[in-house]
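The next block holds one structure in the form of structure tokens; read it before the comments.
The values are calculated or read from the model by the stated rules, or taken from the named source; none is laboratory data. These numbers were taken from a predicted model, which means no experiment stands behind them. Here the Cβ positions follow ideal geometry from the backbone for every residue, glycine too, while neighbour counts run over all protein chains shown. Note: areas computed on protein heavy atoms with side chains; ligands, DNA, RNA excluded. Shrake-Rupley method; radii C 1.70, N 1.55, O 1.52, S 1.80 Å.
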Amino acid sequence: MKILLTGGCGFIGSAVVRHIIRSTNHSVLNVDKMTYAASEEALEDVGSDSRYAFLKADIADGTAMNKAFESFQPDAVMHLAAESHVDRSIDGPGQFIQTNIVGTFTLLEAARKYWLSLGKEAQKRFRFHHISTDEVFGALDVNDPPFTETTPYDPRSPYSASKAGSDHLVSAWFHTYGFPAFITNTTNNYGIWHFPEKLIPLVTINAIEGKPLPVYGNGTNMRDWLFVLDHAEALVKAVEIGEPGETYAIGARQPRTNLEVVKTICSILDELAPSAKGKHDSLIEFVTDRPGHDFRYEIDPQRAEKALDWKAKHNFEAGIRKTVQWYLDHKDWWQKIREKNYKGQRLGTTK
Ligand code: NAD
Ligand code: TYD
């Protein structure tokens, strides 16, 4: 299968590209604008493979997208390109509207134009796979049942609202034009090559460097954690067998409070990289809460596991140990980011 994949230099996109090149026969054209979140190094191992090609372009550039479809002639699209960080969406929502909504619209139109030009059989086989988040469903309370494919949309941050907007466009293109698109909504990912603005890489790096570990509010907010390499496998299964018009709610049944997550990272580091200054959890600092902070996200993945014949291989403890070890082994990568791109300062306070 020839896959046009957007956002392949990002955290999840690069895991998908590596999985495609290493473990399947598919070929991939990676379309990426190379924002602050992109990392060329994440693809170093697979970048010279003859089944891999790269195009630096903005998904909101219709002319570039039309050209990409005409020249690559894909059988499927995996659309991961997005602005992805909630705190940045609080500071500057405009870029989230531009990439996540206008960009997705532009990509859908280029894909639909190309799809209409195909023969009947190729049209039937074509798939547009939109990668989205469970944050579009809003926030759960402690005793609410987890999200499923039928949970109503209730986005509450500029990020989740922009992703919900893009999901609605994808559904509308299916219902209105018969365009063979489907959506996967997934829980919080963590793992290797994760840009150090999100909780897990930020806290891991700060702890390694002996810096304060900022926990928003009282640390009881909950997220449901999926190891990125498990997610990559699920996404490739989905593009291979996903049905038009469907949504798949993907997760690993690993809910943890933020404080549990931070303490687990600290205790792994106490073991792998003990500090002369004492236990790493002494660095924890409770800081002012995120504005509009969603309390809890969690997915019941039962239906997607069955439909995609997939199950996450890592529980949180196994995945986080690999992740912490990886950050210890890849200081060059994150130290460069800390020097040039993002120093780890607090984002998204509305001040
Ligand atoms: P990321 O921020 O790490 O990477 C995004 C990538 O998209 C970058 O390489 C960036 O350069 C590229 N990009 C951004 N704007 C672009 C544009 N206009 N044109 C072309 N490329 C552009 O994001 P991620 O964490 O890998 O997330 C990938 C997708 O998965 C997103 O759609 C996100 O909403 C979704 N998702 C993420 C998570 C998570 O926990 N990270 C969970 C569920 C769903
Ligand atoms: P984050 O990694 O930004 O993902 P999302 O907001 O998309 O779930 O945040 C995960 C959780 O961690 C969320 O409840 C906010 C919290 N958080 C902190 O407590 N401290 C931090 O420094 C960051 C970045 C997040």
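Gap in Å between the Cα centre of segment 100-161 and the Cα centre of segment 164-192?
If we compute the Cα centre of each part, the gap is 1 Å.
Rounded to whole Hz and in sequence order, give me ³J(HN,Hα) for segment 334-351 from the Karplus expression 6.51 cos²θ - 1.76 cosθ + 1.60, θ = phi - 60°, writing x for Gly and Pro.
Residue by residue, segment 334-351 yields 7, 5, 5, 5, 4, 6, 9, 9, 7, 8, x, 5, 5, 10, x, 9, 6, 9 Hz.
Return the distance in nm (one decimal) between the two label points of a simple spin-label model at residue 241 and residue 273, each offset 7 Å from Cα along Cα→Cβ.
Result: 4.0 nm between the two label points.
Stretch residue 209-residue 335 to full length: gain in nm at 0.36 nm per residue minus the Cα-Cα span?
Length gained between residue 209 and residue 335: 44.3 nm.
To one decimal place, what Kirkwood hydrodynamic radius in Å is obtained for segment 52-116 from all pairs of distinct Cα atoms?
About 12.6 Å for segment 52-116.
Dividing the Cα radius of gyration by the Kirkwood radius, what Rg/Rh value follows for segment 1-49?
0.93
Once you compute Rg and the Kirkwood Rh from C-alpha atoms, what is the Rg to Rh ratio for the chain?
Result for the chain is an Rg/Rh of 0.96.
Stokes-Einstein at 37 °C, 0.692 mPa s, Kirkwood radius from Cα pairs: D for segment 214-332 in µm² s⁻¹?
Calculated translational D: 201 µm²/s.
From the Cα trace of segment 114-255, what convex hull volume per residue do you get, rounded to a whole Å³?
134
Extension gain residue 153-residue 220, at 0.36 nm per residue separation less the Cα-Cα distance, in nm?
Extending this stretch completely gives an extra 21.8 nm.
What percent do you get for the relative contact order of segment 191-306 when only Cα pairs under 8 Å and 6+ apart count?
Relative CO of segment 191-306 lands at 41 percent.
Can you give me the relative contact order of the chain as a percent, contacts being Cα pairs under 8 Å and 6 or more apart?
It rounds to 18 percent for the chain.
Give me the 1.4 Å probe accessible area per residue for segment 19-98, excluding ligands and nucleic acids, in Å².
For segment 19-98, the solvent-accessible area averages 46 Å² per residue.
Using DSSP to call loops (not H, G, I, E or B), can you name the trypsin sites (Lys or Arg not before Pro) in segment 249-346 whose Cβ has at most 15 other Cβ atoms within 10 angstrom?
Here the sparse-neighbourhood loop sites are 277, 279, 311, 313, 343, 346.
For segment 38-170, what D do you get in µm² per second when you plug the Kirkwood radius from alpha-carbon pairs into Stokes-Einstein at 4 °C and 1.567 mPa s?
Result for D is 78 µm²/s.
Among all lysine pairs in segment 33-157 that are eight or more places apart or on different chains, how many have alpha carbons less than 26 angstrom apart?
For segment 33-157, the number of qualifying lysine pairs is 9.
Hey, what's segment 178-252 come to in accessible area per residue, 1.4 Å probe, Å²?
Normalised by residue count, the accessible surface of segment 178-252 is 22 Å².
For a label point 7 angstrom out from the Cα of residue 34 toward its Cβ, which stretches of segment 54-72 have the backbone nitrogen within less than 15 Å?
The answer is 54-59.
Could you work out the relative contact order of segment 98-203, using alpha carbon pairs under 8 angstrom and six or more residues apart, expressed as a whole percent?
Relative contact order for segment 98-203 comes out at 34 percent.
With each pseudo-label sitting 7 Å past Cα toward Cβ, what's the residue 2-residue 302 distance in nm, one decimal?
4.2
Tally Lys and Arg at +1 and Asp and Glu at -1 over the other residues with C-beta under 9 Å from the C-beta of residue 136: what net charge comes out?
-3
State the antiparallel share, in %, of DSSP beta bridges confined to the chain, rounding to the nearest 5.
So the antiparallel bridges amount to about 10 percent of the total.
Can you give the net charge of the other residues whose Cβ lies under 15 Å from the Cβ of residue 334, counting K and R as +1 and D and E as -1?
0
How much length would be gained if the chain were fully extended between residue 23 and residue 73, taking 0.36 nm per residue of separation minus their Cα-Cα distance, in nm to one decimal?
15.8 nm is the gain from fully extending residue 23 to residue 73.
Is the shape of segment 38-87 best called rounded, prolate or oblate, per the rule: a/c under 1.5 gives rounded, else a/b larger than b/c gives prolate, else oblate, with a ≥ b ≥ c the square roots of the Cα gyration tensor eigenvalues?
In terms of gyration-tensor shape, oblate.
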